Structures are given as structure tokens and as C-alpha cells.
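*Asks:* Right, I'll just put the structure down here and ask away after.
Just so you know, all these numbers are worked out from the coordinates, no wet-lab data involved. Everything numeric in this text was worked out from a predicted model, so none of it was measured. FYI the Cβ positions are ideal-geometry reconstructions off the backbone, even for glycines, and counts take in every protein chain you see.
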Amino acid sequence: MRVTATVNGVRHQADDVWPGESLLFVLRERMGLPGSKNACEQGECGSCTIYLDGIPVCACLVAAGQAQGRDIVTVEGLAGSDGSLHPVQQAFIEAGAVQCGFCTPGLLVAAHDLLARDPDPADADVREALAGNLCRCTGYEKILDAVRLAAARLRGSGVAVPAAPSPAAPSPTEASLAAPSPAEAGEA
Amino acid sequence: MEFLQPGSLVEALAAKAASPDAVPIAGGTDVMVELNFARRRPLVLLDLTRVPELAGWSLQDGRLRVGAGVTYAELTGERGGISGNGLGRGADGLGRAAGGLGPGAGGLRRLLPGLAMAARTVGSPQIRNRGTIGGNLGSASPAGDCHPSLLAAGAEVEVASARGTRVIPIDGFFTGVKRSAVAPDELIIAVWISPPSGPEQFAKIGTRNAMVIAVAAFGLALHPGRRLVGTGIGSAAPTPVRAREAETFVAAALDEAGLWDSRNALPESVVTEFGALVSAASRPIDDVRGTAAYRRHSLAVLARRTLAWAWSDYQRTGLAGRAGAVAEEAEEE
């Protein structure tokens with residue numbers, strides 16, 4: 001079976017798709033987009049959250065053929081075309097909301113969707129919006145911090161533009177997450 | 001495995017007639033789990049998300065027809081649906097236009113508050129965005145969250161096949177654990193519900209608010225227009241069931257004391273006995289989510305609470321005001 005869909009604005013095609021496989025498998029294994037994570041495969045953890053026609057869903061629960069002709073945005077599609085991080089992504093880094101990182105792609109999409117609908121969510125609204133995304137590292141407090149930070153910055157910028165915020169002084173978290181310099185890489 | 005994607009109801013029914021073993025899939029929240037874990041290997045998968053007749057809802061001759069493809073998020077008013085051609089949503093693919101509720105989605109929540117309350121307790125936003133009322137019925141799990149409210153409301157399920165269409169009363173729909181009265185060549189098309197003439201309530205026990213399969217659930221509807229009370233028990237019997245004796249008892253008690261008209265406080269003894277009768281109507285088992293004893297106990301508590309809440313709503317809003325509001329909203333749609 002052939003599946004064709006627009007993913008992150010680009011037309012993708014996958015051939016020899018088994019009709020029983022999930023959109024998550026197609027994205028990760030056939031379209032080279034491993035950002036959406038495969039954890040529970042039963043819609044419990046939210047790590048594979050993507051936009052399907054603008055609505056956040058678990059890619060593991062979408063049959064491959066159901067995505068035919070649809071418009072999909074994955075975590076890889078949140079950053080600007082120049083690679084600049086979306087304010088939600090930047091906020092997750094700065095707030096220390098990323099530890100092992102496995103839940104992060106799904107949380108980014110869920111948080112991105114929340115802030116697109118509600119630029120100033122109450123804490124209870126954030127908790128509700130992220131209720132389908134499990135994180136076993138952070139205890140969620142840093143994630144809540146990140147969403148508050150992203151919301152404040154997006155409100156400050158007027159609209160939810162997918163552009164990077166002006167770079168602040170790098171926090172320790174940010175520095176530790178940055179790519180190693182060639183020298184450091186050489187030592188390792 | 002074959003993947004069929006009909007673009008109309010006629011095509012879908014023809015496909016189901018040709019392959020009665022075909023597994024219908026809409027939101028995939030049950031079917032895909034079985035496929036992902038290799039618990040099921042159907043020869044044919046029948047995708048219903050492109051059948052426009054299953055999408056949306058309408059008011060016909062004073063009754064609500066909710067398409068089988070209506071999602072939990074549409075019932076709660078959180079989102080538009082998954083069925084149809086995907087037009088009119090997510091223009092930039094990033095959710096900014098995706099707040100785009102289907103026409104009158106908020107109205108559905110106001111017209112069917114008990115069902116909206118139940119839908120709100122389903123899974124997570126991601127699950128509510130995909131899972132459908134038709135899928136909930138098709139899976140026919142004793143723990144299906146819509147079922148208690150549908151039982152309490154006296155809903156009917158419209159099913160169709162190439163042979164024709166028929167309507168199944170909800171209290172004859174569930175025939176066993178994950179079994180329903182739907183024939184192999186039939187598809188669930190819609191749910192019919194009369195707009196409620198009184199308050200509705202729903203309550204569910206679980207370990208947290210999100211992502212929980214009910215340990216026990218209870219739906220209640222006051223029908224002051226017919227002087228009846230509707231009930232539905234979830235997760236505490238092989239199928240979702242009504243608590244018929246409890247319904248009869250409380251309706252008689254309300255009638256005898258003239259409470260439908262006076263709207264005076266419910267006697268504590270009536271509330272307590274109602275809870276006991278609801279509990280007695282259950283046939284729970286011990287399983288990983290809870291014990292039978294806990295389910296019996298919690299059902300009595302849920303029944304007492306929901307009756308008290310609904311009666312309080314009834315006292316506050318009044319039949320005339322509520323019925324008028326429902327009619328007005330229906331006209332708005």
C-alpha cells in the first residue's frame with residue numbers, strides 16, 4: 001500500500017506500507033522522521049503526539065492509510081525553516097523541562113497546540129492540556145515552568161509566530177545541552 | 001491485510017456486506033492498540049473516517065441525531081471532528097485554525113450535558129480528539145464512558161447494512177462483555193437522543209482524572225417531562241446496565257411526595273435507598289482496577305451524589321426555564 005501525505009509542509013510518500021501499521025511507524029521508519037517517539041503504542045504516554053489536520057493526536061493510534069492525503073506536522077516541523085527553535089522549544093530548554101527527552105517531542109506539540117488556542121492558560125488549563133503526556137523524569141514542575149515562560153514570551157511578541165526569541169544569556173541548562181565544541185568532541 | 005477506505009455510506013455498507021469480518025476503524029483508540037500489540041490480525045480494515053454521513057449532528061423532529069463519527073472532543077465542545085474530508089480545519093497545519101469547532105459543537109455540549117460530562121472523562125485531549133461515540137458503542141466495553149449517560153438518557157442506536165436500517169434501544173444494545181446487538185454486516189451510523197427535559201449528571205471513579213478506565217461509573221438523568229428518572233451503571237457488570245428498581249423507586253417517591261412540582265428538598269431516606277438500589281443492580285467482579293466490594297460501595301456513593309447534584313440543579317433552574325433554554329438553543333443551530 002502506498003501512503004502519501006504532507007508532512008511539515010513537504011509531500012512525503014511511503015511504499016509497501018502494511019495496512020495495519022501505525023502512522024507513527026510510517027513517520028519514523030519509512031519517512032525518516034524519528035522525532036515522534038515510540039513508547040507505549042497504546043495512546044497512554046503522548047510521546048508520539050503530532051498534528052493531524054491541525055488536531056493533536058497520538059500517531060500510534062492512526063492507521064497508516066488514514067493519513068492518506070492528510071496534513072501532518074510533527075515536532076520536526078515546529079522550528080523555523082532556518083532551524084531557529086520555536087519559543088515553546090526554547091522555553092523547554094531554558095526551564096530545564098528536558099531531562100531524558102523521550103517525552104519532549106509529544107509535550108512540545110501538546111504545549112504548542114495549547115498556546116495556539118489559549119495564549120494565557122491558567123495552571124489548571126496547562127495540566128489538563130498536558131494530561132495525556134507522561135514524563136517520568138521531571139516531575140512536571142519544570143514543564144509547567146516552560147509552558148508559562150513560552151506563553152509569556154509569545155504574548156509579548158504579539159502573535160504565536162514560529163520564530164526564535166532573542167537569545168538570552170545562556171543558562172547552565174542551555175549550555176549543557178549545546179552541541180560540544182570541536183575541541184570537546186575531539187577529547188571525547 | 002486489506003485496507004478499505006469508503007467515501008460514502010453506501011460504499012461502506014457494501015464493503016461490510018462483502019466482508020462481514022472487516023473491522024471498522026474510526027479514531028483507532030481501541031483498534032490500533034490491538035493491532036500494535038498483535039492481538040488482532042483482521043483480514044480487512046474498514047476506515048470510516050471519510051464517510052461524510054457519519055460526521056456531525058443535527059436536530060430532526062425534535063430529536064438529536066449524533067453521527068457515529070462524532071468525537072468525544074466534539075461532545076465536550078473542545079474540538080471539531082475527524083470525519084469527512086478534513087476541510088475547514090488547521091489551515092496552517094499547526095493548530096492555529098484548529099480551534100475551529102464544527103458547526104454548533106458547543107451547542108451539542110449544552111444540549112447533551114450528561115454525555116458531555118462523560119466524554120470529558122475519556123482519556124486525554126489526544127484521545128478525545130480521535131475517539132468517537134460510534135467506536136465507544138462498537139467496542140461495547142462494560143467500562144465505555146458514554147454508555148451510562150446514553151442509558152440514563154434512553155438513547156437509541158441507529159445501525160445500517162446493505163439490507164436496510166434499524167434502530168436499537170440502548171438498553172437492548174449491550175449483549176455481553178464487549179458484545180453488542182450489531183450484526184456482522186451492520187455498521188453503527190448514529191445515536192438518537194431526545195433533548196433532556198431535566199438535569200443530567202455523570203460521575204466516574206478512577207485513580208486520576210485523566211487516562212483512566214473507570215473503576216465504576218454512573219449516569220443519571222431526571223426526566224421531569226415524563227416524571228421518570230434514568231440511570232446507567234458502568235464498569236460494574238458484564239455490560240453497562242440500568243438500575244431499573246432504583247429508577248422505579250425514586251420516580252414513585254418523587255411522585256408521591258409531589259416533589260416534581262414543589263421542588264422541595266429530597267428526603268435523605270430516598271437518596272440513601274436510591275444509592276442502595278443502584279448498588280444492588282450491579283454485578284461487579286474483582287479485577288486489576290478494583291474489587292467487587294469497592295465497586296458496590298462506590299456505586300452507592302456515586303448514585304447518591306449524582307441524584308443530589310441533579311436535584312439541586314432541578315431546584316435551581318426549574319423545568320420551564322430549562323426546557324425553554326433547550327428549545328432556544330436548538331433553534332439557534
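*Asks:* Specify which residue in the list B:Val241, B:Pro196, B:Met211 is farthest towards the positive end of the charge dipole of region B:153-258, using unit charges on the beta carbon of Lys, Arg (+1) and Asp, Glu (-1), about the Cα centre.
*Replies:* Positive-end residue among those listed: B:Met211.
*Asks:* Could you name the lysines whose alpha carbon sits less than 27 Å from that of A:Lys37, not counting residues in the same chain fewer than 8 places away?
*Replies:* A:Lys142
*Asks:* Using a/c under 1.5 as the rounded threshold, could you call region B:200-320 rounded, prolate or oblate? The axes a ≥ b ≥ c are square roots of the C-alpha gyration tensor eigenvalues, and prolate needs a/b larger than b/c, oblate otherwise.
*Replies:* Prolate is the answer for region B:200-320, as a/c is 1.5 or above and a/b outweighs b/c.
*Asks:* State to the nearest 20 debye the size of the charge dipole of the protein assembly as shown about its Cα centre, where the only charges are +1 on K and R beta carbons and -1 on D and E beta carbons.
*Replies:* For the protein assembly as shown, the charge dipole is close to 740 debye.
*Asks:* What order do you get for A:Ser157, A:Ser36 when you list them from fewest to most C-beta neighbours inside 10 Å?
*Replies:* Starting with the residue having the fewest Cβ neighbours, the order is A:Ser157, A:Ser36.
*Asks:* Roughly how many debye, to the nearest 20, is the charge dipole of region B:200-320 about its Cα centre, given +1 on each Lys and Arg Cβ, -1 on each Asp and Glu Cβ, and no other charges?
*Replies:* The calculation lands at about 380 debye.
*Asks:* Averaged over B:128-135, how many beta carbons belonging to a partner chain fall within 10 Å of each residue's beta carbon?
*Replies:* The mean count of partner-chain Cβ atoms within 10 Å per residue comes to 3.
*Asks:* Let me ask something else. Mind checking which aspartates and glutamates have their Cα closer than 14 Å to the Cα of B:Lys204? Skip sequence neighbours fewer than 8 apart in that chain.
*Replies:* Once the sequence-local aspartates and glutamates are set aside, what remains near B:Lys204 is B:Asp145.
*Asks:* Relative to the Cα centre, what is the charge dipole magnitude of chain B, using +1 at the beta carbon of each Lys and Arg, -1 at the beta carbon of each Asp and Glu, and rounding to the nearest 20 debye?
*Replies:* 800
*Asks:* Follow-up question, since we're still on this one. With 10 angstrom as the radius, rank B:Tyr72, B:Tyr314 by how many other C-beta atoms surround their C-beta, starting from the fewest.
*Replies:* Arranged by neighbour count, lowest to highest, B:Tyr72, B:Tyr314 become B:Tyr314, B:Tyr72.
*Asks:* Would you mind giving the mean number of other chain beta-carbons within 10 Å of the Cβ of each residue in B:33-41, as a whole number?
*Replies:* Per residue, the average neighbour count from other chains is 4.
*Asks:* Roughly how crowded by other chains is peptide A:71-77, in terms of the mean Cβ count from those chains within 10 Å of each of its Cβ atoms?
*Replies:* Averaged over the peptide's residues, the number is 2.
*Asks:* Arrange B:Lys178, B:Lys16 by Cβ neighbour counts within 10 Å, fewest through most, would you?
*Replies:* Starting with the residue having the fewest Cβ neighbours, the order is B:Lys178, B:Lys16.
*Asks:* Which shape class applies to the protein assembly as shown: rounded if a/c is under 1.5, otherwise prolate when a/b exceeds b/c and oblate if not, where a ≥ b ≥ c are the square roots of the Cα gyration tensor eigenvalues?
*Replies:* Note, shape of the protein assembly as shown comes out prolate.
*Asks:* Oh, and also: Gain in length, B:Arg163 to B:Arg40, computed as 0.36 nm per residue apart minus the alpha-carbon separation, to one decimal in nm?
*Replies:* Extending this stretch completely gives an extra 41.5 nm.
*Asks:* Could you tell me how many degrees, from 0 to 90 and to the nearest 10, lie between the Cα long axis of helix B:244-256 and the main elongation axis, the longest principal axis, of the Cα atoms of chain B?
*Replies:* Roughly 40 degrees, rounded to the nearest 10.
*Asks:* Quick check: from the Cα gyration tensor, does region B:134-203 come out rounded (a/c under 1.5), prolate or oblate?
*Replies:* Taking the square roots of the gyration eigenvalues as a ≥ b ≥ c, region B:134-203 is oblate.
*Asks:* Just round it to a whole percent: the fraction of Cα-Cα distances in region A:1-98 exceeding 22 Å.
*Replies:* 28
*Asks:* Compute the acute angle (0 to 90°) between the alpha-carbon long axis of helix B:9-18 and the principal axis of greatest extent of the alpha-carbon atoms of chain B; round to the nearest 10°.
*Replies:* Helix B:9-18 sits at roughly 80 degrees to that axis.
*Asks:* Follow-up question, since we're still on this one. Can you list the aspartates and glutamates whose alpha carbon is less than 17 Å from that of B:Lys16, not counting same-chain residues fewer than 8 positions off?
*Replies:* B:Glu2, B:Asp47, B:Glu53, B:Glu158, B:Asp185, B:Glu186
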